[in-house]
Amino acid sequence: HGRKHFFQGAREDCPSCHSLLLGGGCRRTGKMYAKDLEPEDKDKRGSLTVPLLGEIQVDLDYESNKKKFDTKVEKARRYTQEHRSKVVIGVIYVLTNITLYLWWAITFWNQPNMFVTIARGFGMVLNFNCALILVPVLRNIITALRGTFLHRFIPFDSNIMFHRRIGWVIAFAATGHTLAHYMNYSLQDSPYAFAWGTLAGITGTLICWIMIVMYTAAIDAVRRRYYNVFWFSHHLFIGFFILLLLHGPRFWMFFTVPGIVYTVERIFREVRGSAKTSVYQVQMHPSDVVELRMQKKKFNYKSGQYLYLNSPNLSFYEWHPFTITSAPHEDFVSVHIRCVGPWTHGIRRLLAPEVEGVMIDVDQVKGDDGRRLIRMDGPYGAASEEVSDYKVLLLVGAGIGVTPFASILKDLLHKRKNSQQNKVQKVYFFWVCREYAAFEWFQELLRNWELEMEESGDSDFLSVNNYLTEKMSKEKLAEFEAAKGLDPLTGLKSRTQFGRPDFDAIFDQLAEAHPDDKIGLFFCGPRILSKSLRAQCMKKSALGHGTKFIFHKENF
């Protein structure tokens, strides 16, 4: 009954052997027939005679597969061209790990068995990486090195990415090292005595448990939602390194220099962060954004840099990074804090006024309870520092990601107004927001810039392009588009555009307007847009029109 039901309907037979056709192919030979193929598929198939199987149909769409392969090769070639320093450092890093593994594995080849050989090789890889992982988080040293010629050869902006990559290498090597040792223990007469009765066995097991806790809490979903869990678990690294020094007899040789430097850096951060910081002014902006203005002696910074803030009233140990939104010539240091978690909401309750749009004077160092209102550590270098290396800039901010560009544009316009030395000749500024209220964060600032440039006759220097992605009714959209004069959303002469920017067309227009120039693209915003812009930079730079787009992104 099942067969009758399955085959009911018009029956089609194979013209050669009269077997039933299933899906356009012979059930016995597997041969496909052109009348059952789509027209575009006819040229993509061919027959192949195989002993015992007979004639079968194969996909001969070589050109399509070749294009896919060529696309991947081309992407790899573009990436290599745009990120030579990353590729070179990555290759050196991989070769160093392979060399260390082979060197130590060969040294202890089959002594007393191959499991010990594998464990020794991974152990040497762990010695190297567990010491190296401290280097990318030496913030002050990296900030200082940015100002040297080394920034041309070392991608300092990728320090956190490199820190994470090293972490995964440690996880892989630790897994291989541990499994190999336990396999060796299983061959012994008393395996439990080796695993729990020796210093190496006890410390190694404890290190594994510490790593499980640290790695779990470092996952983005955990770290962003439960920052204190991440912070405290990550500081298990102190016990991690103490146990490593007891576990590995040669680890101290790798750890001594980076360990001492990191310890000095942490002490320096604590001392600098304890210096008196005064909360000068506070303003509440739309979309739960708090503008905090502070004053601190000898706090010298560059536009585009960032700092860390701590509030002992909320948590003595919790430090959060924020981009500086003021410019170096201003007499205060400001940040814009979007309230998205417990700590930032705590800052709002502690310092921000209830009414939006009102700047209140605080001018206090300590609160009513005698504790510091704010502690500040920094400044630290960021990708945006390199804006002065380009004649043409493309600045793209999404939402609160606009903050570094507030500082950069203030500084650029100040230098231009006062005829200070400045390489930048043209700036294209793109700000993409989900809700129109967000434009109010820097609305007054943008208006002032337009007026200043008009008065000085330099209106072509800055091109402001605001995009709103919020869904609107047709009536409201028509009302905005029909408004004449200044833009009804921002009060600027440049009109707000609705929807997402067409960066493919924008890049083409910039390439046409600035042939043979290097355009520095600086981005701060969500990761998905970052990947898209990076891909556009590589794609458009390879078209042969002479214009090169150099991608930079903020990375905390």
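In table form, for the structure just shown:
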| read-out | value |
| --- | --- |
| Per-residue HN-Hα couplings for segment 520-529 [Karplus 6.51, -1.76, 1.60; θ = phi - 60°; Hz; x = Gly/Pro] | x, 9, 10, 10, 9, x, x, 5, 5, 6 |
| Ratio of Rg to Rh over segment 95-240 (Cα coordinates, Kirkwood Rh, two decimals) | 1.05 |
| Greater than 27 Å apart at Cα, pairs in LYS302/LYS426; LYS366/LYS417; LYS86/LYS531 | LYS366/LYS417 |
| FRET efficiency, VAL88 to GLN188 (Cβ-Cβ, R0 51 Å, nearest 0.05) | 0.70 |
| Centroid-to-centroid separation of segment 114-128 and segment 170-215 [C-alpha atoms, Å] | 12 |
| Neighbour net charge for PRO286 - beta-carbon separation under 10 angstrom, K R +1, D E -1 | -4 |
| Computed accessible area, THR205, all protein chains, 1.4 angstrom probe, square angstrom | 20 |
| Value at 222 nm in deg cm²/dmol, rounded to 500, when DSSP H runs of n ≥ 4 in the chain each add -39,500 (n - 2.57) | -14500 deg cm²/dmol |
| Among (1) 49, 42, 24; (2) 47, 28, 23; (3) 51, 31, 23, the entry that matches semi-axes √(5λ) of the Cα gyration tensor in Å as calculated here | (1) |
| Solvent-accessible area of MET214 with every protein chain in place, 1.4 Å probe, in Å² to the nearest 10 | 20 |
| Rule-of-thumb Rg ratio for segment 302-414 [Cα; 2.2 N^0.38 Å; N residues] | 1.16 |
| For segment 283-295, 3J(HN,Hα) per residue [Karplus equation, 6.51 cos²θ - 1.76 cosθ + 1.60, θ = phi - 60°, Hz, x = Gly/Pro] | 9, 9, 9, x, 6, 6, 10, 9, 9, 10, 10, 10, 9 |
| Charge dipole magnitude, Cβ of K and R +1, D and E -1 - the chain, Cα centre, debye nearest 20 | 1460 |
| Under 10 Å, Cβ to Cβ, from ILE337 - net charge with Lys/Arg +1 and Asp/Glu -1 | 0 |
| Cut-off 12 Å between beta-carbons: net charge of the residues surrounding GLU440, Lys and Arg +1, Asp and Glu -1 | -3 |
| Per DSSP, loop GluC sites (Glu not before Pro) in segment 269-364 with at most 15 further Cβ within 10 Å | GLU330, GLU354, GLU356 |
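The values are calculated or read from the model by the stated rules, or taken from the named source; none is laboratory data. In this text, all values refer to a predicted model and were calculated from it rather than measured experimentally. Positions of Cβ are backbone-derived with ideal geometry, glycine not excepted, and every protein chain shown enters the neighbour counts. SASA here: full protein model, heavy atoms, side chains in, ligands and nucleic acids out. Shrake-Rupley method; radii C 1.70, N 1.55, O 1.52, S 1.80 Å.
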